[in-house]
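Right, one structure below, let's go through it.
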């Protein structure tokens, strides 16, 4: 499970890095654009390139989220299998212990009845069942 946690942390860090890079890129673009406006007439930045960059970034984030979702589902399935297996073993163990306990109680009861029968027989002069 630690490996899956490490993978989640790694993916989160990569996503955070991609967001940080995009934010820096955007800030630099805005600064460059506003700097050019104050220094004189200039060309507008290529909007097509920024659209492509934005959607590439979004696609990367979505791919990372998909990977995280798949890893969570895999981890949840494995955890469910482990819990189911442990529950099954515990139930079997409990059932076996219950049968052993019931057998022991039955034997103890039979022994107690036999002993009581033997003790009662000499005092009344006859055995139980006659």
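The values are calculated or read from the model by the stated rules, or taken from the named source; none is laboratory data. No experiment lies behind these values; they were computed from the predicted model shown. Cβ atoms come from the backbone with ideal geometry, glycine included; neighbour counts cover every protein chain shown.
Details
- Residues that are surrounded by fewer than 13 Cβ atoms within 10 Å (Cβ to Cβ), in a helix (DSSP H, G or I) and modelled with pLDDT of 65 or more within the stretch 34-57 comprise 34, 35, 47, 48, 49, 51, 52, 55, 56, listed in sequence order.
- Count - residues of the stretch 68-100 that are more than 28 Å from residue 9 (Cα to Cα) and either in contact (Cβ under 8 Å) with a residue 12 or more places away in the chain or outside any helix (DSSP H, G or I) (or both): 0
- When the stretch 1-24 is limited to residues that are over 17 Å from residue 65 (Cα atoms) and under 14 Å from the mean Cα position of the chain (by Cα), the one that is modelled with the lowest pLDDT turns out to be 1.
- Condition check for residue 27: outside any loop (DSSP other than H, G, I, E, B), more than 30 Å from residue 10 (Cα to Cα) and modelled with pLDDT under 80: no
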